[in-house]
1. With r defined as the distance between the Cβ atoms of Lys322 and His44 and R0 fixed at 51 Å, what FRET efficiency is calculated, to the nearest 0.05?
2. Let a ≥ b ≥ c be the square roots of the eigenvalues of the Cα gyration tensor of segment 308-406; is it rounded (a/c under 1.5), or, if not, prolate (a/b larger than b/c) or oblate?
3. Could you work out the local net charge near Ile79, counting Lys and Arg as +1, Asp and Glu as -1, over the other residues with Cβ closer than 15 Å to its Cβ?
4. Looking only at Val187, Val391, Val38, which one moves most when the chain is put into a Gaussian network model with springs between Cα atoms under 10 Å?
5. I need the shape label for the chain. Rule: rounded when a/c is under 1.5, else prolate if a/b > b/c, else oblate, with a, b, c from the alpha carbon gyration tensor.
6. How many nm is it between the label spots at Glu62 and Asn5, if each spot is 7 Å from the Cα in line with the beta carbon?
7. Search the structure for amide H atoms under 5 Å from the amide H of Thr90, placed 1.01 Å from N in the peptide plane, and list their residues when 5 or more places away or on another chain.
8. Be a star and scan segment 189-211 for residues whose amide nitrogen sits under 17 Å from the point 7 Å along the Cα-to-Cβ vector of Ser244.
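The values are calculated or read from the model by the stated rules, or taken from the named source; none is laboratory data. Computed from a prediction, not measured in an experiment: that's the story for all the values here. All Cβ positions, even for glycine, are placed from backbone atoms using ideal geometry, and neighbour counts span all protein chains on display. For the accessible areas, the whole protein counts, side chains as well, though only heavy atoms, and no ligand, DNA or RNA atoms are used. Shrake-Rupley method; radii C 1.70, N 1.55, O 1.52, S 1.80 Å.
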Amino acid sequence: MAIVNILQDFPILNQVNKDGKRLCFLDSAATSQKPETVIESMNHYYRTMNANIHRGIYQIAEQATEAYEKSREKIQEFIHAGSSREIIFTRNTTESINLVANTWGKQNLKKGDLIILSEMEHHANLIPWQILASDKGISLEFIPVQENGQLNLSEYQRLLNLQPKLVCVSGMSNVLGTVPPVKQMAVDAHKAGALFLVDGAQMIPHRKVDVQDIDADFFAFSAHKMLGPTGIGALYGKEALLESMPPFLGGGDMISKVFLRSFTTNELPYKFEAGTPSIAEAIGFGAAIDYLNQIGMDAIWQHEVEITKYAIQELQKVPGLKIVGPTDGVRGSAVSFTLDYAHPHDVAQILDSEYICVRAGHHCAMPLHTRFSVPATTRASFYLYNTLDEVDRLKTGLEKVYHFFG
Ligand code: C6P
């Protein structure tokens, strides 16, 4: 395995239940576990420098501001953005996408314009566009997902001929594990005159991301899926675009001058950061990036490729189990499946009795489940701290489900 001996870095993963079973966490696509260094970085902030940022003129406020801004720089380097002005702190991927819809979308799109999405999008990359579409009379078209879980790229080419203004796709499906060729898709979108937004929620925890190489106009992501805390995420946007966009939320920090009936906006990135932000969480986000860098994104990807390949091979031996999504080629570590004889909620409950955590349901991708004519799936999702032994435990647990219901 590419990565060994990191379990001790994650306190929760050393938990053992009353039956002597160690926690087997296979739900990192929902949220990842946090290493001690991330937890400690936030404790350290609260213990030594808790103060509001960008306001105080005393030492601990300056230290807090510096730590918060240092995290922004770490994010900038991590995704290879040209400037830290292009990194906007948000609460999560959902808020990042809503920010674009409510600012760039409201300002630039008009009745009759077209946005291209795909059938495999998470609700976070569907609903903001549906709301905008119904407000403004915009059309939405969807790149179909093929039976093998891959996007139908010839249909994408056909949709591009309709001259969309924006293309928004996930860099990695949270259900299927599909990895669309976003770099080529961005080239094609730009040729057609459209902007390109990547929902990076599932991509950035697992693969090296270079927003300039992808040439993404916007890239949205959450810290909590990449070893960081909840309540903090980021939006990358090209500087010229962000400069031209109106603010999202109004209040402190996003202003330069305020009069009774008007205001002027602050410079980037603060123009989009209204109110007291999640300071401890931003610092934890920076610590998460330090941890990922220390292991190395290439090693993380290799580790997951190995585990996912083994999981697909072993799970297919379980009677009645069907994987929904690609079973070979380049794919992410979310492995969703159905069992002929058991509802996903029952599967998850039985696995829980083995101290194995998986997600059951539609995973906030209802249209995708409708596409595959299933109301729900069970999903195991792997990350850098998972092991091949845990795949074996999952398989044994699923065999137990088979003996119970099969
Ligand atoms: N998917 C899952 O279990 P937030 O909640 O804003 O941090 O992330 C939203 C989101 C956006 N896009 C994709 C592709 C996602 O997978 C998610 C979150 C979790 O699959 C929780 S529903």
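1. About 0.60, to the nearest 0.05.
2. Rounded is the answer for segment 308-406, as its axis ratio a/c remains below 1.5.
3. Around Ile79, the surrounding residues sum to -2.
4. For the chain, modelled as a Gaussian network with Cα springs under 10 Å, the answer is Val187.
5. oblate
6. Simple spin-label model gives 4.2 nm for this pair.
7. Gly233, Ala234, Leu235
8. 189-197
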